[in-house]
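Asks: If you scroll down you'll find the structure; I have some questions about it.
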Amino acid sequence: MTDLDFGRRVYRIGPRQRPFFVADVRSSVVCAAIWSAIAALAVYGVFTGSAQITPAEAFQALIGRGDSYTSMVVLEWRAPRVLIAVLLGASLAISGAIFQNLTGNPLGSPDVIGFQTGSYAGALIVMLIFGGGSAETMAGAFTGGVVTAFVVFFLSSKRGAVRGVRLIIVGIGVSAMLASVNVWILLTATVEDAIMASLWGAGNLSGVSWSTFWGVFGGSVLFLIGALALSRPMRLMQIGVPFATALGQNVRLVQVFAIVIGIGLTALATASVGPISFIALAAPQIARRVVRSDGLALGPTAAIGALLLLLADVVAQRIYRDSPLPVGIVTVSIGGLYFLWLLLREGKKK
């Protein structure tokens, strides 16, 4: 029996594979606990709210026996909002895990390296300059995020390779420039248009319909399946590119597909409900600490992301019932504290 030591993780080659079994059991237990909490929180989100509807009336609406008003509130407003929060939370978290794995840096999340700012810029251009509708705005946000991602990767590449630290620095610089462009666009717009655009830019799940959910669901499922297919190759890359190459893996192809999937998940979420910050940054790291793993941990990461976004939306709706907050404000408030803690922790290591 041989032990191969790669950093913190020891890979044992031989008939005994107990460490993998133990890790899988812990991950399964953690995922089951988190999804149970998500289910309980989803029930709370569907059964309660600012509308004067009792839980019993909400239950009657769910089984198809409610009146028209109750059915509209529960089935058309609350239910798709809860489901899309779970779906987008999982999508953003997996996107963050992919980019953090590619860059080898805990700060390598899409909202830090500028992809969401690019999506916001694309949406503002369509909304305030060209006067496009909701469908055009979603297309503009998706295009803005994809174009920004490719610009960041092009500027950060050197001799055909992308370095993690270089990518983060270039992404922060591009994000800062785009943020100034976004402010200029808002200042040149009318007050009413600027307010509406700012609400969208804060990340808002209000007004989500079933058509929006199913559109996002169709796109997200394709990208999530791709992320699952890339999970093993990316784990090998995390051990080391020479090790993955020696095993016959096409590292460059894996990196390209991982970038496309990560960008797709982020751009799709941003295009549908606006930029939602810090879910992609915090969820992968929380998941790795919970399951005590230094790998991708896609299952726990998706569960943590879904729980964080759903919890943030429930809190945002209930802080001020007369005037609910955009969910992005809550995620930024929570994520800012986590970001500060992360910076302090990384600084102490050095």
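Each value in this text was obtained by applying a stated rule to the coordinates, not by laboratory testing. All of these numbers come straight from a predicted model, not from anything done at the bench. Cβ coordinates were reconstructed from backbone atoms using ideal geometry, including for glycine residues, and neighbour counts include every protein chain displayed.
Asks: If each residue of separation counts as 0.36 nm, what is the full-extension length gain between Ser323 and Leu342 once their alpha-carbon separation is subtracted?
Replies: 3.6 nm
Asks: What percentage of all Cα-Cα pairs in the chain are separated by more than 39 Å?
Replies: Counting every Cα pair in the chain, those more than 39 Å apart make up 17 percent.
Asks: Here's another thing I want to ask about it. Could you give the dipole magnitude of segment 74-199 about its Cα centre, charging the beta-carbon of Lys and Arg +1 and that of Asp and Glu -1, in debye to the nearest 20?
Replies: Dipole magnitude for segment 74-199 comes out near 620 debye.
Asks: Moving on to the next point. Under a plain spin-label model, where a point goes 7 Å from the Cα along Cα-to-Cβ, how far apart in nm are Met196 and Arg26?
Replies: Simple spin-label model gives 5.1 nm for this pair.
Asks: Further question: Calculate the tail of P(r) for segment 102-212: the fraction of all Cα-Cα distances greater than 25 Å, expressed in %.
Replies: The answer is 27 percent, as a whole percent.
Asks: Compute the relative contact order of the chain as a whole-number percentage, counting only Cα pairs closer than 8 Å that sit 6 or more residues apart in sequence.
Replies: Result for the chain is 26 percent.
Asks: Shape call for segment 205-350 from the C-alpha gyration tensor, a ≥ b ≥ c root eigenvalues: rounded (a/c under 1.5), prolate (a/b greater than b/c) or oblate?
Replies: oblate
Asks: Distance in nm between label sites at Asn250 and Ala176, each 7 Å beyond Cα in the beta-carbon direction?
Replies: Each label point lies 7 Å from its Cα, and together they span 3.9 nm.
Asks: What whole-number distance in Å separates the alpha-carbon centres of segment 281-300 and segment 312-347?
Replies: Segment 281-300 and segment 312-347 have Cα centres separated by 20 Å.
Asks: Report ³J(HN,Hα) in whole Hz for each residue of segment 118-125, in order, from the Karplus equation J = 6.51 cos²θ - 1.76 cosθ + 1.60 where θ = phi - 60°; Gly and Pro get x.
Replies: So the Karplus estimates, Gly and Pro as x, are x, 5, 5, 4, x, 5, 5, 4 Hz.
Asks: While we're on this one: If I stretch the segment between Tyr69 and Ile239 completely, what's the gain in nm (0.36 nm per residue apart, minus their alpha carbon distance), one decimal?
Replies: Fully extending the segment from Tyr69 to Ile239 adds 55.6 nm.
Asks: Just how large is the dipole of the chain about the Cα centre, in debye to the nearest 20, putting +1 at every Lys and Arg Cβ and -1 at every Asp and Glu Cβ?
Replies: On the way: 25 positive and 14 negative charges, 365 e Å.
The calculation lands at about 1760 debye.
Asks: If you don't mind, there's one more thing I want to ask. Give the shape of segment 14-123 as rounded, prolate or oblate, defined through the alpha-carbon gyration tensor: a ≥ b ≥ c are the square roots of its eigenvalues, a/c under 1.5 means rounded, and otherwise the shape is prolate if a/b is larger than b/c and oblate if not. Present the calculation step by step, with values, prior to reporting the outcome.
Replies: Values: a/c = 4.17, a/b = 1.50, b/c = 2.78.
Since a/c reaches 1.5 but b/c is at least a/b, the shape of segment 14-123 is classed as oblate.
Asks: Using 0.36 nm times the number of residues separating Arg166 and Phe150, minus their current alpha carbon distance, what extension gain do you get?
Replies: 4.3 nm
Asks: Follow-up. Considering just Cα atoms, how many Å³ per residue does the convex hull of segment 186-262 enclose?
Replies: 146
Asks: Once amide H atoms are built 1.01 Å from N in the peptide plane, which residues 5 or more positions from Ser157, or in another chain, come under 5 Å H to H?
Replies: For Ser157, no residues qualify.
Asks: On to the next question. Give me the dipole magnitude in Debye, nearest 20, for segment 227-323 about the Cα centre, with unit charges on the beta carbon: positive for Lys and Arg, negative for Asp and Glu.
Replies: On the way: 8 positive and 3 negative charges, 51 e Å.
Here segment 227-323 has a charge dipole of around 240 debye.
Asks: Let me ask something else. For the chain, build the charge dipole from Cβ charges (+1 Lys, Arg; -1 Asp, Glu) around the Cα centre, then report which of Gly248, Pro110, Gly201 sits farthest towards its positive end.
Replies: Gly248
Asks: Once Lys and Arg get +1 and Asp and Glu get -1 on their Cβ, which of Leu83, Pro284, Phe217 lies farthest toward the positive end of the dipole of the chain?
Replies: Checked the options; the winner is Pro284.
Asks: Same structure, new question: By per-residue mean of other Cβ atoms within 10 Å, what is the highest-first order of 267-279, 118-130, 171-183, 145-157?
Replies: Order by mean packing, descending: 267-279, 118-130, 145-157, 171-183.
Asks: Which of rounded, prolate, oblate describes segment 204-243, given a ≥ b ≥ c as roots of the alpha-carbon gyration tensor eigenvalues and a/c under 1.5 marking rounded, otherwise prolate only if a/b is larger than b/c?
Replies: Prolate.
Asks: Continuing with the same structure: When the Karplus curve 6.51 cos²θ - 1.76 cosθ + 1.60 is applied with θ = phi - 60°, which whole-Hz ³J(HN,Hα) does each residue of segment 323-334 get, with x for Gly and Pro?
Replies: 9, x, 8, x, 5, x, 5, 5, 5, 5, 5, 6
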